[in-house]
Amino acid sequence: MAETVKPGDLDEDKYERSKRLEWFDLDKIQRTRVLVVGGGAIGNETVKNLILAGFRKITLVDMDRVVRSNLNRCIFFDEEDAERRRLKVEAIVEKARKLDKEVDIDYRTEMIQKLPEDFIPSYDLVLGCLDNVAARLHLNAHCYRHGIPYVDAATQGFVGKVQVVLPKETPCLECGMNKTHVKIMEERFSCTGEDVTFHVPKMAAEITTTSVVSAIQTRESIKLVLGMEKELIRNVFYYDGMRNVSEILELDRNPECAHHPVSEK
Ligand SMILES: [Zn+2]
């Protein structure tokens, strides 16, 4: 005889609705060690999405402190954090633990480039939520070398992009960059490829683009973890909120890109 389910029983299981999805595998998601680099607008949104999706092992890297201009697009920051100039990672971790007391979340406050060589390879998946080229290229290079999937997200105003980099399979981040990008490595950088060297002091941003881009970044992470590689974005997902369009931009592996051995070219 089938087990009787009383009304309300199913509501006690946090992931009951997710478990109804035939492709969903909570165990795989919970076991994945995720590195999130950047605790700004995208980082906030993506940590929230990861936790709601069931991810449990998260490390966050950021060295900045909360200021009031963060408060219009960061779910984990509040007025008190800004007044106290709290470290962004501290505020995110404290509130993330309230969102899910079982989440195993920690942080580092060094620049990603200064962390030891074995830091990045200790994760299964790396998410870039950054606003500068140098850190992005560092993640791209190290993830590619160590065979770790890298999902990069970026926004500017109404425009955003997400790129999934699968070592040995897809083009990498640097394949899609031109010489101008590399030259402005230390400058704040437009995700769309436009030179924003003179865009002082920081990029314009609003929450709706951040939400869209972060959702795609998290969704591609879920696909990666669940082995849905055929369904992954293998090029660049581009979103234009002003025109209300999204499209996949074709990107070829650049024969001059240093990250691909001759055998891969
Ligand atoms: Zn490349």
Listed by first then second residue, the pairs whose first member lies in segment 134-163 and is in contact (Cβ under 8 Å) with a residue 40 or more places away in the chain, whose partner is within 12 Å of the ligand (Cβ to nearest atom) and of a type in the set (D, E), with beta carbons under 7 Å and at least 6 positions apart or on separate chains, are L137/E174; N140/E174
Does A91 satisfy the condition of being within 27 Å of D25 (Cα to Cα) and either small (G, A, S) or in a helix (DSSP H, G or I) (or both)?
no
Qualifying positions in segment 141-166 - within 13 Å of the ligand (Cβ to nearest atom) and either more than 17 Å from the chain's Cα centre (by Cα) or within 21 Å of N44 (Cα to Cα) (or both)
R145, Y150, D152, Q163
Residue list for segment 169-189, restricted to those being within 13 Å of the ligand (Cβ to nearest atom), at pLDDT below 90 and part of a loop (DSSP other than H, G, I, E, B):
M177, N178
Return yes or no: is I222 away from the ligand (no atom under 15 Å from the Cβ) and in a loop (DSSP other than H, G, I, E, B)?
no
A careful count of residues in segment 236-256 that are surrounded by fewer than 17 Cβ atoms within 10 Å (Cβ to Cβ), touching a residue at least 60 places away in the same chain (Cβ under 8 Å) and in a loop (DSSP other than H, G, I, E, B) gives 4
Failed item, numbered, when R234 is tested on (1) modelled with pLDDT under 95; (2) under 27 Å from T32 (Cα atoms); (3) in contact with a strand residue (DSSP E or B) (Cβ under 6 Å, 6 or more places away or on another chain); (4) not β-branched (V, I, T):
(3)
Within segment 36-57, can one find any residue that is among the polar types (S, T, N, Q) and buried (at least 23 other Cβ atoms within 10 Å of the Cβ)?
yes
Go through (1) crowded, with 22+ Cβ neighbours inside 10 Å; (2) in contact with a Ser or Thr (Cβ under 8 Å, 6 or more places away or on another chain); (3) assigned to a loop (DSSP other than H, G, I, E, B) and name the single condition R73 misses.
(1)
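The values are calculated or read from the model by the stated rules, or taken from the named source; none is laboratory data. Nothing here was measured: the structure is a model prediction, and the numbers come from that model. Note that each Cβ is placed from the backbone with ideal geometry, even for glycine, and that neighbours are counted across all protein chains shown.
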